[in-house]
Structure formats: C-alpha cells, structure tokens
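Report on the following structure.
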Amino acid sequence: MTAKLISGIELSQTLRSDVMQRAATLSAAGNQPGLAVILVGENPASQVYVRNKVKACEDCGFYSLLDKYSAELSEVELLAHIDRLNRDPKIHGILVQLPLPAHIDANKVIEAIAADKDVDGFHISNAGLLMTGQPLFRPCTPYGVMKMLESINYPVRGANAVVVGASNIVGKPQAMLLLQAGATVTICNSKTRDLASHTRNADILVVATGKRNIVTGDMVKLGAVVLDVGMNRDDQGKLCGDVEFASASEVAGYITPVPGGVGPMTITMLLVNTIEAAERKASAIKG
C-alpha cells in the first residue's frame with residue numbers, strides 16, 4: 001500500500017473536542033444546544049444510526065431528544081410533531097431518520113422542518129442557498145469530505161474533482177461544495193458510459209453510489225485523493241465501500257478506509273451543524 005490513510009475517526013475526535021468546548025460555552029450562558037431525532041419504524045440500521053447520534057450528542061453536552069414511533073404512525077401525526085419541535089426553543093436541530101415507511105412522503109416531511117433547524121441540510125431552501133454559494137447548513141457527509149480534504153491541506157482550487165453518484169444527500173451537494181472551493185467538477189453516476197475515462201482524470205475522486213467495487217485501482221489516477229462514501233457488505237459480511245480498497249490504495253496518494261473513514265465524519269458534522277444553529281440562535285437573542 002502506498003496511499004496515506006485519512007482517518008475519519010481521528011479527525012472526528014479533534015472536531016468533537018471543539019464542539020464540546022463550544023457547547024460548554026453556550027450552556028454556561030443558558031443556551032444549551034439541543035437536537036431532536038425522530039425515528040419511525042423498526043429499521044435495524046436506522047436504530048444503530050440513531051443510537052450513535054444520540055450518544056454523540058450526549059457526549060458533547062447537548063440536550064438530546066429521541067422520539068421513537070411505530071411504523072404505523074400517520075404522516076399527519078409526524079408533521080404535527082415536527083411543527084411542535086419547530087416551536088420548541090430548547091431544540092436547535094431536527095433530524096428525521098430516513099428511510100421512512102412507504103406511506104409517509106419523505107419530501108413533505110423534510111420541507112416541514114424549519115429551515116433554520118434543518119441540520120441535515122436537506123430542506124429545499126437550504127439546498128437553494130448551497131446552490132447559490134450561501135449555505136446555511138451543509139449536508140453532513142459532503143461537509144465531512146471537505147473537512148477531510150482540509151485536514152491534509154489539499155489544494156482544491158484548480159483541481160479536477162470527479163463525484164461518482166448524484167443523490168440529493170451526497171453527490172449533488174458534494175459537487176456544489178467542491179465547485180465553491182474552486183475545483184473543476186464532473187458529476188458521474190452508476191450509468192455513466194466509460195466511467196473509468198472520467199475517474200482516471202480526477203485529482204479528487206469522491207465515490208458515493210452504494211455499489212461495491214464500482215471503482216477499482218486501474219480507474220484511479222496516480223496520486224489522487226480517493227474519498228469513499230460507500231457502505232456495503234462483502235461476501236464475508238464485512239463492511240466495505242464503493243472503492244476496491246486493495247488495488248486503489250496502491251495507486252492513490254490518499255484514501256479513506258471503510259469503515260473508519262467518511263462514516264464517522266457524518267455524525268460529527270451533524271454535531272457541528274447543530275452547534276452552529278445554537279450559536280446563531282444565541283447571537284440573535286443577544287442582538
């Protein structure tokens with residue numbers, strides 16, 4: 001292996017230490033940061049994610065509210081609960097864990113969250129602000145990727161960046177953040193013809209398709225920074241990413257592992273978004 005690892009675990013610890021200090025400052029002034037997490041249904045993966053988010057909040061000194069509902073909860077009831085949280089002064093961030101049961105419209109739920117409490121950064125007004133270069137909240141995973149590039153002092157301005165994956169959660173906002181940082185950005189997806197012709201030109205390669213080994217070492221430019229957002233299982237049931245790590249790490253200059261790479265950064269950036277929301281609120285009250 002020649003590539004240097006970018007550890008999301010180590011970087012997360014540094015960022016969370018900063019969040020903890022900022023939370024202590026706010027709490028001492030009577031403005032404890034508060035995050036509400038809503039879980040609907042019994043999805044096992046969602047339960048793990050939610051448990052980790054709540055623990056991270058508590059570890060950093062946040063007020064944490066976890067609302068768990070059965071899969072039979074109606075859309076009307078969920079929207080009414082979000083409305084109550086929108087008006088709750090103790091809550092600075094609201095997160096509804098996806099996916100939701102089929103009878104609930106996820107887009108309607110996301111739009112119901114007050115834009116200034118949308119710490120996931122998915123609300124249409126926050127997506128619009130991001131598009132115009134004035135983000136209020138940056139979606140957590142792409143935000144984490146940018147922090148990882150920052151941690152290695154990578155010169156993003158002028159670099160060729162390729163994003164494989166075009167979801168509203170990762171791919172599209174990732175492209176916007178890279179563009180704002182001065183990169184020349186290409187967005188691909190799993191259906192892109194001759195994907196390798198694009199990825200081999202990437203100084204920065206972000207892969208977020210949910211397809212195991214969609215990128216192999218022969219598709220990576222020598223010395224590139226490879227950021228693997230995928231979370232899959234291999235034939236032995238072990239966690240792996242979208243990038244074939246063994247071959248890619250022989251070519252790349254930097255690479256993120258799975259697990260222990262981008263994953264830990266997602267929850268950390270949720271904490272950062274929540275502390276930013278709490279600080280804005282405290283500043284508004286003071287002003």
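Is it fair to say Pro259 is of a type outside the set (Ser, Thr, Tyr) and not in a loop (DSSP other than H, G, I, E, B)? Judged against the criteria, Pro259 is not a match.
Residues in segment 134-158 that are β-branched (Val, Ile, Thr) and either under 11 Å from Asp120 (Cα atoms) or open to solvent by 60 Å² or more (accessible area, probe 1.4 Å) (or both): Thr141 only.
Do we have any residue at all in segment 195-205 that's touching an Asp or Glu at 6+ places or on another chain (Cβ under 8 Å) and either crowded, with 23+ Cβ neighbours inside 10 Å or without any contact (Cβ under 8 Å) to a residue 24 or more places away in the chain (or both)?
yes
Restricting attention to segment 156-173, the residues being in a loop (DSSP other than H, G, I, E, B) and within 16 Å of the chain's Cα centre (by Cα) number 6.
Okay, residues lined up against (1) without any contact (Cβ under 8 Å) to a residue 60 or more places away in the chain; (2) over 30 Å from Ala252 (Cα atoms); (3) among the β-branched types (Val, Ile, Thr):
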{"residue": "Thr2", "(1), (2), (3)": "no, no, yes"}
{"residue": "Glu10", "(1), (2), (3)": "yes, no, no"}
{"residue": "Val40", "(1), (2), (3)": "no, yes, yes"}
{"residue": "Asn52", "(1), (2), (3)": "no, yes, no"}
{"residue": "Ser70", "(1), (2), (3)": "yes, yes, no"}
{"residue": "Leu73", "(1), (2), (3)": "yes, yes, no"}
{"residue": "Ile82", "(1), (2), (3)": "yes, yes, yes"}
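Set side by side, the residues Glu250, Glu276 differ, and just one is over 25 Å from Asp118 (Cα atoms), of a type in the set (D, E, K, R), open to solvent by 20 Å² or more (accessible area, probe 1.4 Å) and in contact (Cβ under 8 Å) with a residue 60 or more places away in the chain, which is Glu250. The single residue among Val226, Val243 that is over 19 Å from Lys147 (Cα atoms), crowded, with 24+ Cβ neighbours inside 10 Å and touching a strand residue (DSSP E or B) at 6+ places or on another chain (Cβ under 6 Å) turns out to be Val243. Confirm whether Ile169 is more than 30 Å from Val215 (Cα to Cα) and surrounded by fewer than 23 Cβ atoms within 10 Å (Cβ to Cβ). So Ile169 fails the test. Note on segment 1-34: among residues that are of a type in the set (Ser, Thr, Tyr) and under 17 Å from Lys286 (Cβ atoms), the one that is surrounded by the most Cβ atoms within 10 Å (Cβ to Cβ) is Ser27.
The values are calculated or read from the model by the stated rules, or taken from the named source; none is laboratory data. From a predicted model like this one, the values you see are computed outputs, not experimental measurements. All Cβ positions, even for glycine, are placed from backbone atoms using ideal geometry, and neighbour counts span all protein chains on display. Ligands, DNA and RNA are stripped out before the accessible areas are found, and what is left, the full protein with its side chains, is counted by its heavy atoms. Shrake-Rupley method; radii C 1.70, N 1.55, O 1.52, S 1.80 Å.
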